[in-house]
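The values are calculated or read from the model by the stated rules, or taken from the named source; none is laboratory data. Computed from a prediction, not measured in an experiment: that's the story for all the values here. Because the Cβ atoms are built from the backbone with ideal geometry, glycine has one as well, and the counts that use them run over all protein chains shown. Heavy atoms of the whole protein, side chains included, go into the accessibility calculation; ligands, DNA and RNA do not. Shrake-Rupley method; radii C 1.70, N 1.55, O 1.52, S 1.80 Å.
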Amino acid sequence: MKVTIKKLTNDCEEISNVQKFLFSMIKQEFGYDYVPEWHQDIVKMDEYYISPKRNDFFVAYTETGEIIATIGIRAYDKDFPEFRHLYSKDTTSSIWRLFVDRRCRRCGLASKMFSIAENFANEMKYDDIYLHTHKTLPGALEFWTKMGFVVALDSNDELETVHMDKKIVGLDINPLANDFYYAVKL
């Protein structure tokens, strides 16, 4: 299968399709629907990912135009008291909404999506990447550890949230194209 990874544009139909994919993945993975305090970035994708220069959102499409994966990267914008001395919007980026359709897992697509986001963070001169995940998501901690992240804090909360971060190496990488193609075997 030929997969194309593109930056999300400010096209209403494209945004709507991405939002539908994201909410279906959230329902599938977490078992709940839209939660206003957790999903404002999905509702306001332009405000969170498209308009800000140092933020972006990437979408993987099949040849038929089906969305099979997403990842967002934006300046750190949380205010967790335990991280005030570690992260800032100027030096820290944060990963959001990495979802891969279940049919396309275990073939390297999530790694490719993260690689593109990490390269973007490097280009934008961030020093670190922050993310949070949940121990209830099968394979999530193992995946992020494989990507070079370390646990900054295990919240031991009801959602089993784990906060992680990674230093950006700072290589000067020039992208070859705006669209990225990868072979994915289902």
Problem - region 82-123, subset open to solvent by 30 Å² or more (accessible area, probe 1.4 Å) and among the aliphatic types (A, V, I, L, M), residue farthest from Met147 (Cα to Cα) - result: Leu86
Exercise for the section: Taking Thr9 as the residue in question, decide whether it is more than 15 Å from Cys104 (Cβ to Cβ) and out of contact with any strand residue (DSSP E or B) (no Cβ under 9 Å at 6 or more places or on another chain). Expected result: yes
Exercise for the section: Could you please let me know if Glu37 is over 17 Å from the mean Cα position of the chain (by Cα) and over 28 Å from Glu123 (Cα atoms)? Expected result: yes
Exercise for the section: Sort out which residues of region 3-45 are of a type in the set (Asp, Glu), surrounded by 14 or more Cβ atoms within 10 Å (Cβ to Cβ) and within 24 Å of Lys78 (Cα to Cα), and write them in order of number. Expected result: Glu29, Asp41
Problem - Residue match in region 2-10 (condition: touching a Cys at 6+ places or on another chain (Cβ under 9 Å), within 23 Å of Arg102 (Cβ to Cβ) and either modelled with pLDDT under 95 or aromatic (Phe, Trp, Tyr) (or both)) - result: yes
Handout entry: Filtered residue count, region 62-91, keeping only those that are in contact (Cβ under 8 Å) with a residue 12 or more places away in the chain, in a loop (DSSP other than H, G, I, E, B) and either touching a Cys at 6+ places or on another chain (Cβ under 8 Å) or of a type in the set (Lys, Arg) (or both)
Key = 2
Practice task
Among what's in region 124-156 and is hydroxyl-bearing (Ser, Thr, Tyr) and either closer than 19 Å to Lys78 by Cβ or part of a loop (DSSP other than H, G, I, E, B) (or both), pick the residue that is most open to solvent (accessible area, probe 1.4 Å).
Solution key: Thr136
Fill in the blank from the handout: Residues of region 41-61 being outside any helix (DSSP H, G or I) and either touching a residue at least 60 places away in the same chain (Cβ under 8 Å) or not β-branched (Val, Ile, Thr) (or both), in sequence order, are Lys44, Ser51, Pro52, Lys53, Arg54, Asn55, Asp56, Phe57, Phe58, Ala60, Tyr61
